[in-house]
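Student: What follows is a structure written as structure tokens; I'll ask about it next.
The values are calculated or read from the model by the stated rules, or taken from the named source; none is laboratory data. Everything numeric in this text was worked out from a predicted model, so none of it was measured. Cβ sites come from the backbone with ideal geometry, for glycine too, and all protein chains shown count toward neighbours.
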Amino acid sequence: MLHAVIMAGGSGTRFWPASRRATPKQLLSFSGNRTMIQDTSARLGEMVPPERCMVVTNATLVDAIQSQLPSASVVGEPCKRDTAPCVGLAAAILAASDPEAIMLVMPSDHVITTDAQFQAAIESGVDLLEADPSRIVTFGIKPSYAAESFGYVQRGEAIELAGANAFQVTCFREKPNLATAVEYCNSGTYYWNSGIFLWRASLILNLLRQHEPEMAAHIDAIAAAVDTDQFDEVLKTRFTQIVGKSIDYAVMERHDNVAVIEAPFRWDDVGSWQAIARLSEPDKNGNSVRGTHIGIDTKNTIIYGDANHAIITIDIEDMVVVHTSNATLVAPKRSEERVREAVKELEARGLDAFL
């Protein structure tokens, strides 16, 4: 049976000051009325009903996420340990009730269009798993430019699959420098790694036991406590002892049977404020606006606020302006990666009220 696992433990620091510890970006709305995590859940449609949707997040966010997705199962990690322990924890819980569980693993903060194309791609991936239970399936995004901020997947031999382009994975590559990214794009054999995966829960648990035995021992101890009164205590004790590692390093790059499906849907990882420009229709001056804004000689600028606060900009271009109730960000677009530096400085000064 197909289950969905939404990974929602990210902090979204590049979206400060809108994204905060108590309300990271996956709990915010950047387009439309739904939040990012609500969009992620709704994207599943009838393919995965809400009762088969699990969200794994930071323990401090459980209540907030449950309020947004009341029908989902929300599991709180006692500490941050990267994606491999997150996946292992979800697999252990699912396998306890459904030994044949197939897991669709998705980040909570991506924008994907359209839902029908997404669901069709997932159904194709399930077909690949049913043909070979030892297979892992990932979804590759055909690169539109030489991105340095994404990992890459190289495709190899084609796999016969009706209705989708599927290939055996030759290798995974970490985030490259610009020259290497250009090579990848020009080759025509590389995809961006979307971070969306399909596998059997039992397989991923066995692969963690094979490649990460210490991590797997803790996961197995947590699995043994599922549906017992000791679960919360065992989860806290054992999960905290895990040495964090990404699922890419722990399993994906080591497994010799991985398939990649060329994604038929549009995808955006919404990694920074400039994504807002891609997700909205700009005005005649190229400005992307959310909220009340008056721009005088303002061009190609991102404005993010609310209807109750007027943002006035004069003689600016290629800027990011974000207003919230207790913090304001003004930065050139070219410097938006430095937002993380601002967050670190707030932390260093003990200004937690702004985090």
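Student: If the requirement is being surrounded by 15 or more Cβ atoms within 10 Å (Cβ to Cβ), outside the structural domain of VAL126 (by TED's automatic domain parsing), in contact with a helix residue (DSSP H, G or I) (Cβ under 9 Å, 6 or more places away or on another chain) and among the charged types (D, E, K, R), which of these qualifies: LYS333, LYS344, LYS299? Lay out the reasoning, then the answer.
Tutor: Numbers: LYS344 fails: surrounded by 15 or more Cβ atoms within 10 Å (Cβ to Cβ); LYS299 fails: in contact with a helix residue (DSSP H, G or I) (Cβ under 9 Å, 6 or more places away or on another chain).
Only one candidate qualifies: LYS333.
Student: Right, something else. Can we say LEU27 is in contact with a Cys (Cβ under 9 Å, 6 or more places away or on another chain) and either in the same structural domain as ARG209 (by TED's automatic domain parsing) or within 23 Å of ASP306 (Cβ to Cβ) (or both)?
Tutor: Numbers: in contact with a Cys (Cβ under 9 Å, 6 or more places away or on another chain): no; either in the same structural domain as ARG209 (by TED's automatic domain parsing) or within 23 Å of ASP306 (Cβ to Cβ) (or both): yes.
Criteria not met by LEU27.
Student: Are any residues in the stretch 222-245 over 18 Å from SER97 (Cβ atoms) and either in contact (Cβ under 8 Å) with a residue 12 or more places away in the chain or touching a helix residue (DSSP H, G or I) at 6+ places or on another chain (Cβ under 7 Å) (or both), and if so, which ones?
Tutor: Initially, the stretch 222-245 is screened for residues over 18 Å from SER97 (Cβ atoms), giving 233, 236-245.
Within the stretch 222-245, LYS236, ARG238, PHE239, THR240, GLN241, ILE242, VAL243, GLY244, LYS245 meet the criteria.
Student: Oh, and also: Could you grab the pairs with beta carbons closer than 6 Å, sequence gap of 6+ or different chains, first residue in the stretch 173-197 and over 26 Å from ASP109 (Cβ atoms), second one surrounded by 13 or more Cβ atoms within 10 Å (Cβ to Cβ)?
Tutor: VAL182/ALA146; THR189/GLN154; THR189/ARG155
Student: Can you tell me which residues in the stretch 115-162 are closer than 28 Å to PRO24 by Cβ and either among the basic types (Lys, Arg) or in a loop (DSSP other than H, G, I, E, B) (or both)?
Tutor: Of everything in the stretch 115-162, those that are closer than 28 Å to PRO24 by Cβ and either among the basic types (Lys, Arg) or in a loop (DSSP other than H, G, I, E, B) (or both) turn out to be PRO143, SER144, TYR145, ALA147, GLU148, SER149, PHE150, GLY151.
Student: Report yes if SER325 is of a type in the set (S, T, N, Q) and closer than 11 Å to PRO17 by Cβ, otherwise no. Can you show your working first?
Tutor: Numbers: of a type in the set (S, T, N, Q): yes; closer than 11 Å to PRO17 by Cβ: yes.
Spelling it out, SER325 is indeed of a type in the set (S, T, N, Q) and closer than 11 Å to PRO17 by Cβ.
Student: List the number of the failed condition for ASP248; all other conditions in (1) free of Cβ contacts under 8 Å to residues at least 40 places away in the same chain; (2) among the acidic types (Asp, Glu); (3) assigned to a helix (DSSP H, G or I) hold.
Tutor: The one condition ASP248 does not meet is (1).
Student: Can you name the condition, by its number, that ILE219 falls short on among (1) β-branched (Val, Ile, Thr); (2) closer than 30 Å to VAL111 by Cβ; (3) touching a residue at least 24 places away in the same chain (Cβ under 8 Å)?
Tutor: (2)
Student: So in the stretch 20-51, with the set limited to residues that are out of contact with any helix residue (DSSP H, G or I) (no Cβ under 9 Å at 6 or more places or on another chain) and assigned to a helix (DSSP H, G or I), which one is farthest from VAL111 (Cα to Cα)?
Tutor: Here is the first cut: in the stretch 20-51, the ones out of contact with any helix residue (DSSP H, G or I) (no Cβ under 9 Å at 6 or more places or on another chain) are 33, 39, 49, 51.
If we keep only those that are assigned to a helix (DSSP H, G or I) too, we end up with 39, 51.
Working: ASP39: 8, GLU51: 22 Å.
Looking at the filtered set, the residue picked out is GLU51.
Student: Moving on. Just checking, how many residues over the stretch 134-159 are modelled with pLDDT under 95 and either within 21 Å of MET103 (Cα to Cα) or of a type in the set (Asp, Glu) (or both)?
Tutor: Summing the residues that are modelled with pLDDT under 95 and either within 21 Å of MET103 (Cα to Cα) or of a type in the set (Asp, Glu) (or both) in the stretch 134-159 gives 1.
Student: So, one more: Looking for whichever is β-branched (Val, Ile, Thr) and outside any helix (DSSP H, G or I) here; the options are ILE112, ILE93. Which one fits?
Tutor: After applying the criteria, what remains is ILE112.
Student: Against the definition (within 20 Å of ILE242 (Cα to Cα) and not in a helix (DSSP H, G or I)), how does VAL74 come out, yes or no?
Tutor: Values: within 20 Å of ILE242 (Cα to Cα): no; not in a helix (DSSP H, G or I): yes.
Criteria not met by VAL74.
Student: Then there is this: Could you count how many residues in the stretch 52-67 are among the aliphatic types (A, V, I, L, M), touching a helix residue (DSSP H, G or I) at 6+ places or on another chain (Cβ under 8 Å) and more than 26 Å from TYR304 (Cα to Cα)?
Tutor: At the first step, the residues of the stretch 52-67 found to be among the aliphatic types (A, V, I, L, M) are 54-56, 59, 61-62, 64-65.
So of that shortlist, the ones also touching a helix residue (DSSP H, G or I) at 6+ places or on another chain (Cβ under 8 Å) come out as 54-56, 61, 64-65.
Pick out the ones that are also more than 26 Å from TYR304 (Cα to Cα) and you get 54-56.
Selection size over the stretch 52-67: 3.
Student: Hey, ASP248 hits all of (1) among the acidic types (Asp, Glu); (2) surrounded by 19 or more Cβ atoms within 10 Å (Cβ to Cβ); (3) out of contact with any strand residue (DSSP E or B) (no Cβ under 8 Å at 6 or more places or on another chain) but one; which does it fall short on?
Tutor: Tallying (1) among the acidic types (Asp, Glu); (2) surrounded by 19 or more Cβ atoms within 10 Å (Cβ to Cβ); (3) out of contact with any strand residue (DSSP E or B) (no Cβ under 8 Å at 6 or more places or on another chain), ASP248 fails exactly one: (3).
Student: Sticking with this one: In the stretch 163-191, what residues are assigned to a loop (DSSP other than H, G, I, E, B) and not hydrophobic (A, V, I, L, M, F, W, C)? It would help to see each step written out before you state the result.
Tutor: Step one: list which residues in the stretch 163-191 are assigned to a loop (DSSP other than H, G, I, E, B), which gives 163-165, 174-177, 188-189.
Across the stretch 163-191, the qualifying residues are GLY163, ASN165, GLU174, LYS175, PRO176, ASN177, GLY188, THR189.
Let's see how each residue does on (1) out of contact with any helix residue (DSSP H, G or I) (no Cβ under 9 Å at 6 or more places or on another chain); (2) touching a residue at least 60 places away in the same chain (Cβ under 8 Å); (3) in a loop (DSSP other than H, G, I, E, B):
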| position | (1), (2), (3) |
| --- | --- |
| VAL260 | yes, yes, no |
| GLY271 | no, yes, yes |
| ASP283 | yes, no, yes |
| GLY295 | yes, no, no |
| ASN308 | yes, no, yes |
| ILE314 | yes, no, no |
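Student: Continuing with the same structure: Hey, any hits in the stretch 294-313 for a residue that's at positive phi and in contact with a His (Cβ under 9 Å, 6 or more places away or on another chain)? Break it down into steps so the answer makes sense when it comes.
Tutor: Just the residues of the stretch 294-313 that are at positive phi, to begin with: 297, 300.
Filter once more, so that each one left must be in contact with a His (Cβ under 9 Å, 6 or more places away or on another chain): none.
No, the stretch 294-313 contains no residue that is at positive phi and in contact with a His (Cβ under 9 Å, 6 or more places away or on another chain).
Student: Taking the conditions exactly as written (buried (at least 16 other Cβ atoms within 10 Å of the Cβ), of a type in the set (A, V, I, L, M) and free of Cβ contacts under 8 Å to residues at least 60 places away in the same chain), does ALA201 satisfy them or not? Show your work before the answer.
Tutor: Numbers: buried (at least 16 other Cβ atoms within 10 Å of the Cβ): yes; of a type in the set (A, V, I, L, M): yes; free of Cβ contacts under 8 Å to residues at least 60 places away in the same chain: no.
For ALA201, the condition - buried (at least 16 other Cβ atoms within 10 Å of the Cβ), of a type in the set (A, V, I, L, M) and free of Cβ contacts under 8 Å to residues at least 60 places away in the same chain - is not met.
Student: Within the stretch 94-128, how many residues turn out to be closer than 17 Å to ILE247 by Cα and β-branched (Val, Ile, Thr)?
Tutor: Qualifying residue count, the stretch 94-128: 2.
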